[in-house]
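Enquirer: Before I ask anything, here is the structure I am working with.
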């Protein structure tokens, strides 16, 4: 079949997006039409049919019942990092991989992990009342009665014993304290009560610290993920009144990973800094509570009534305080060097010079059915499928690594330590990193990715059926995008890229999951994907197998779909002749960031900031990428040229790193993206320049513009090697 | 003093708004500047100084302590219409007026009033629970323990005993049922649970009836007037969880007043229609509940989750039903002909040919400190001030009537019966009607008025000090208007007129208080005014003296200010040489309504509706009003001319009535304004045409356009007599 439409699809998919405008494709059309089947990005026409057959074989393997079995096994016990349960899950994953025919090993690190011994909260005035009430068990869900579920706590909060009047500070962002000051309310020496949302929780503690607060209490406002969003568990998928969001409050925007070994792997004998010098540890106590407890506090607050948009769904009128509600927080945290266990599975390629890496963490705050185990269950089915292909005599071209990280919840530790340990090898070999965290909480597909990988994600989504509709995941995703229902990936938390005409929307990579060390530190092209839905039990006791069976994916078909998608991505990345990395799209995207920055900085920075070197760099990169794309296209049939081109392509993203890293947080080396210092999850674009502009520090902004421009010219030079 | 600024003010205030563009004012400027004091609209220059002295004398009388004394007396007992308490309040008002030197009489009518005997609500499934819980007493407010407070009920609900599954229907508007139908939910045979707000409560019952519901439960959503708006009573001024909004559900948009004597006064021997024929009585049971009870029901509902904007502040996820919550409503209403007592106070003028009427109702659902007694307390202080002037030998030019209406809460009954009884005399004599309902619930001045009276309200507001700031009420009001904080008058509930440049905003007259029969039925120029604030206890047990002392007007200075404002208005209306009625502004306003209607009807009615006769009528009225304004201005010094002009002016508004009234509700005779059939309070502009357009009934719309055009030409002809 070579209809006009099929032809158009075939030829367009050979051309990276953004290049079509540069190069007429007359010759390519002829080449594509010589093939019986539509082309695949990066594959020589002669190899397309075989690849399609391989993909079809792979897609037949993942099975909902198997995914369900994995999920039940992974979530049968609480498995927080540093516990026996955590190790048991790692062993299960390793053993499953081995049973599928993969090589698989545990890799351990010794990292500073706090486990909570006491987390207590008492209202001391205007009356005494014991708070920090636990999450209630429900009969229909026996996991909720498990005595080993850890109490609600915030990871890396220091121990402490603080008694002070309470001040309510909305989401705890800098502008919230500014508003408080306008109302005549100071947080100094107070316990600030803030609600979850709008930013990473560590940011709330950092900003509280900057405002001289004595401690922080964080509650889940039912306006955000409770009754006002939808029916609370167990009736519906949202947070019940007793539900607590656990979570780390480490300052991951400074650096993730083990606090004591920044930039270095936390091996047994690694050199460690004293905890007092760790720049990513909060200095004031913080704890999370449910909204029942928040109501006990809020109903006893006076002072100004809050601005209307600060009022949430706790059924009392919110006041800022301070007091009269006065609280005592007592936290005893057992900080120790503990052993964590990554799992690294491997399917060796015909050459081990190139790696394709996929991963997800395996540790959970409690049971973690969505977060993270849905991704692990999907990945295990992908592993099983790859194993079946291998059993049939197939061997991947590039080595495939399937990793299960430990201690992500505490601070992306397992992945960060492994990346730090293998950084130079990864930078030589790793073609891409695919992250599968929280792969299923519903049916709405979403992805965040380096711009170079976006077309690949769209391609893969075309190949997999959406279980509910039977149409392609791509079609359903595109329709939702066009209706403005593009769902961000919670783990990436990034601002979506603007909608390309007719194309479904992808987000940019912020932070919040294990792609962070790969992308922001090592410059490995990365992506994150999954199916999302109504999910209000994040980091609660209720994110468990029963929740998934009742709400998230009752028949586990989306787990199977995620597994197929992951499999297609792996096979395209591992088998392609020319790496399917679209740097024309990337450069186009960067040009847009530069224009936006010019607009933002234009008003305040007029005459004080010259962004011309940056836009020239972006233009140089775009030009080089355009030429590279043409070369990539014709190289697919020429093995020698392809090898040379791939050697260049594999390091283009790394050229966008700056050796010295960002100001004040040198671990973050990417010049185009970083998690925002005051967002924590969401990405800041051109962060070195932009954060300096936000501070009004024009000298630094200009210097950072130089850094970015250099990086862009380096990337352009690397792309020129592709020609 | 005759500075440029003072001059400008003086000359502008002589010219009705809207006329400045038509007539150059060179001569008038000269005339105004001959005066030592700024001019007053409608007064001959020679009389201005005396009028100012009179006003200053009047303003010195009203006293906060006296207003407080009145308010305590008026609210010492529950005084619902048809009860002993109701009569006692009427007697108090009469006696006070007499003690001030006014003539005052009780005027009684015999009207159909239901008093509740039983209002019970039981949840019958999925479990049994007794609801209809009463409002809780608070220690700090001894009135809340008064055993004579009437239970929560909806006036004119029929008796009934209904058991049915519950359906939640948001605000109970037609579009809400449409949305339900889209969700596959029908209200037929069900008990609909709706929340207060967005429209008059009788509309909710009417629409439920149209949708074949079996009964209606109306609850106060805390998102609207409870904790989400501000602190609940007794901590703050908003509705506590047990607070119930009582209120009539009669179909006042068909006709107000005694259901059995539409258009006729309900005197002892009046001809009465059978209750079964009364078109303003609902046919299905209705009852109000507090949000605690609503929570018991809403937490037991299933069916689709509601659209996001239907979710309110009751801390459960709202579902539409039907059921499983099933309720039994048992209502026993004692419908009887009962005696109600108006009070008519009188200060006879030198001529009894012209009347100035002021009024407020005296009946309350319970104590009614804001609604209505704050207005009565203010009016009594105005009466005392007028009495003092009279004691000094002064006699008003025009007769001043001060009225206290009974049974307003049930259906504007006392005022409607009195207007029906005295309609022809009123239409000959009444210069204007000033309504003082709920005059104080805070400090934000607001007013709704016939366009002819707007400038007079602004003038009066310039003469009275705002107690908090010491500046004029006008200045504070204008600043709030310009900040977009124009507060509508709750009793009028009307859409605000668009902001004239630099002028504070007034609303248009809808319905909901006693100006209705004067304005909509008899065509008397009317206005309504008061000071509003945070007031969440409307029609609850908590609208009482303690609420007022703590929140509404703790030192009663705004009561005194309202009294002064009312006094100024009366003195200007009673003493002016030429009536201060601005028909150029009115005609300008009507031209705007016609343009808006042309836009609305233009799309759907193209070629089917010709509005040219209407716009020609408006243009004719504007032209005549312009000429009249010039004549009015020069007539102030010519007593003979003024008398002739006033005789014409007093009936211009009546020319805007149509003898046959509106389609389906002939009691409403005004062609420019009516309470909307589906709003109940808020006004519809050019209602005859607009409601036909909304129904797509083009034939009626065209006929009504003819009716309006005729009315406008009649008004123009009447104004031509002013020349």
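Enquirer: Under 19 Å from the 7 Å Cα→Cβ point of residue A:163, by amide nitrogen: which residues of region A:329-343?
Expert: From region A:329-343, the list is A:329-332.
Enquirer: Could you order the peptides A:612-625, A:396-409 from most to least packed, using the average number of other C-beta atoms within 10 Å per residue? Could the numbers behind the result be given before it?
Expert: On the way: A:612-625: 21.8, A:396-409: 26.6.
Ranking the peptides A:612-625, A:396-409 by packing returns A:396-409, A:612-625.
Enquirer: Quote the FRET efficiency, to the nearest 0.05, computed for residue A:95 versus residue B:212 with a Förster distance R0 of 60 Å and r equal to the Cβ-Cβ distance.
Expert: Numbers: r = 64 Å, r/R0 = 1.07.
It comes out at approximately 0.40.
Enquirer: Between residue A:88 and residue A:299, what is the spin-label point distance in nm, taking each point 7 Å from the Cα along the Cα→C-beta axis?
Expert: 4.0 nm
Enquirer: Quick check: Cα centre of region B:225-271 to Cα centre of region B:693-723, how many Å?
Expert: 33 Å
Enquirer: Express as a percent, rounded to the nearest 5, the fraction of DSSP beta bridges in chain B (both residues included) that run antiparallel. Numbers along the way, then the final one.
Expert: Details: 50 of 83 bridges.
The antiparallel fraction comes to roughly 60 percent.
Enquirer: Separate question: Using Cα centres only, tell me the gap between region A:436-480 and region B:556-605 in whole Å.
Expert: 61 Å
Enquirer: Measure nothing but the geometry: give the 0 to 90° angle between the long axis through the Cα atoms of B:45-60 and the longest principal axis through the Cα atoms of chain B, rounded to 10°.
Expert: That helix lies at roughly 40 degrees to the long axis.
Enquirer: From the label point of residue A:337, set 7 Å from Cα along Cα→Cβ, how far away are the matching label points in the other copies, in nm, ordered shortest to longest?
Expert: Label-point separations across copies, in nm and ascending: 10.0.
Enquirer: At a 10 angstrom cut-off on C-beta neighbours, averaged per residue, how do the peptides A:456-462, A:158-164 rank from highest to lowest? Could you put the intermediate results ahead of the total?
Expert: Values: A:456-462: 22.9, A:158-164: 16.6.
Going by the mean number of other Cβ atoms within 10 Å, highest first, we get A:456-462, A:158-164.
Enquirer: How much of the DSSP beta bridge set in region A:81-219 is antiparallel, as a percent to the nearest 5?
Expert: Values: 3 of 11 bridges.
Antiparallel: roughly 25 percent of the beta bridges in region A:81-219.
Enquirer: Calculate, in nm to one decimal, what residue B:428 and residue B:637 gain on full extension: separation in residues at 0.36 nm each, minus their alpha carbon distance.
Expert: Values: separation 209, 0.36 × 209 = 75.24 nm, distance 2.38 nm.
The residue B:428-residue B:637 span can extend by a further 72.9 nm.
Enquirer: Stretch residue B:337-residue B:694 to full length: gain in nm at 0.36 nm per residue minus the Cα-Cα span? Mind dumping the intermediate values first?
Expert: Details: separation 357, 0.36 × 357 = 128.52 nm, distance 3.80 nm.
Full extension from residue B:337 to residue B:694 adds 124.7 nm.
Enquirer: Continuing with the same structure: In degrees, nearest 10, range 0 to 90: what is the angle between the Cα axis of helix B:698-720 and the longest Cα principal axis of chain B?
Expert: The angle comes out near 30 degrees.
Enquirer: While we're on this one: Check the axis relating chain A to chain B and name the residue of A whose C-beta is nearest, distance in whole Å.
Expert: It is A:315, 2, counting Cβ atoms only.
Enquirer: If you don't mind, there's one more thing I want to ask. How compact and how long is region A:277-423, expressed as Rg and Dmax of its alpha-carbon atoms in Å?
Expert: Over region A:277-423's Cα set, Rg and Dmax evaluate to 23.6, 73 Å.
Enquirer: How big is D for region A:583-720, in µm² s⁻¹ as a whole number, if Stokes-Einstein is applied with the Kirkwood radius of its Cα pairs at 4 °C and 1.567 mPa s? Display every interim value, and only then the final one.
Expert: Values: Rh = 15.5 Å.
It diffuses with D of about 84 µm²/s by this estimate.
Enquirer: Computed from the mean reciprocal separation of all distinct C-alpha pairs, what Kirkwood hydrodynamic radius does chain A have, in Å?
Expert: Evaluated over chain A, this radius sits at 26.0 Å.
Enquirer: Mind pulling the angle between the C-alpha long axis of helix A:201-210 and the longest principal axis of chain A? Nearest 10 degrees, somewhere in 0 to 90.
Expert: 50 degrees
Enquirer: Let me ask another. Pull out the extension gain between residue A:647 and residue A:273, defined as 0.36 nm times the separation in residues minus the alpha carbon to alpha carbon distance; nm, one decimal.
Expert: Details: separation 374, 0.36 × 374 = 134.64 nm, distance 3.70 nm.
Full extension of this stretch gives 130.9 nm more.
Enquirer: Same structure again: Using a/c under 1.5 as the rounded threshold, could you call region B:501-605 rounded, prolate or oblate? The axes a ≥ b ≥ c are square roots of the C-alpha gyration tensor eigenvalues, and prolate needs a/b larger than b/c, oblate otherwise. Could you put the intermediate results ahead of the total?
Expert: Details: a/c = 2.35, a/b = 1.48, b/c = 1.59.
Oblate is the answer for region B:501-605, as a/c is 1.5 or above yet b/c matches or exceeds a/b.
Enquirer: Take the alpha carbon gyration tensor of the protein assembly as shown, find the square roots of its eigenvalues, order them as a ≥ b ≥ c, and report rounded if a/c is under 1.5; if not, report prolate when a/b exceeds b/c, else oblate. List each step's numbers first, then the result.
Expert: Working: a/c = 2.28, a/b = 2.02, b/c = 1.13.
Prolate shape, in that a/c is at least 1.5 and a/b is the bigger ratio.
Enquirer: Go through B:59-66, B:589-596 and give me the packing order, highest mean Cβ count within 10 Å leading. Write out the running numbers ahead of the final one.
Expert: Numbers: B:59-66: 17.9, B:589-596: 19.5.
So the peptides B:59-66, B:589-596, ranked by packing, come out B:589-596, B:59-66.
Enquirer: Right, next: Decide, for region A:112-336, between rounded, prolate and oblate: order the square roots of the alpha carbon gyration tensor eigenvalues as a ≥ b ≥ c, take rounded if a/c falls under 1.5, and otherwise choose prolate if a/b is larger than b/c, else oblate.
Expert: Numbers: a/c = 1.73, a/b = 1.22, b/c = 1.42.
Verdict is oblate for region A:112-336.
Enquirer: Going 7 Å from Cα along the Cα-Cβ axis for the label, what nanometre distances separate residue B:666 from the same residue across the other copies?
Expert: Copy-to-copy label distances at residue B:666, shortest first: 9.4 nm.
Enquirer: Right, here's the next one. Would you kindly work out, in nm and rounded to one decimal, the distances from the label point of residue A:99 to those of the same position in each other copy, ordered shortest first, with label points 7 Å along Cα-to-Cβ?
Expert: Ordered by increasing distance: 9.4 nm.
Enquirer: In nm, to one decimal, how far is the residue B:472 label point from the residue A:475 one, both placed 7 Å along Cα→Cβ?
Expert: Taking the simple label geometry, residue B:472 and residue A:475 are separated by 7.1 nm.
Enquirer: Now for a different question. Taking only Cα atoms of region A:120-247, what ratio of Rg to Rh do you get with Rh as the Kirkwood inverse-distance radius? Kindly include the intermediate steps, with their values, before the conclusion.
Expert: Working: Rg = 15.9 Å, Rh = 16.1 Å.
The Rg/Rh ratio comes out at 0.99.
Enquirer: Would you please state the base-10 log of I(q)/I(0) at q = 0.14, 0.16, 0.18 1/Å for region B:355-475, with intensities from the Debye formula using one equal scatterer on every alpha carbon?
Expert: Cα-only, vacuum Debye calculation for region B:355-475: -0.72, -0.95, -1.19.
Enquirer: I've got another one for you. Relative contact order of chain B: what whole-number percent is it, with Cα pairs under 8 angstrom and at least 6 residues apart?
Expert: Numbers: 1737 pairs, mean separation 125.3, N = 723.
Relative contact order, chain B: 17 percent.
No value in this document is a laboratory result; all are computed from the given coordinates. All values derive from a computational prediction rather than experimental measurement. Glycine gets a Cβ as well: all are built from the backbone with ideal geometry, and neighbour counts include every protein chain shown.
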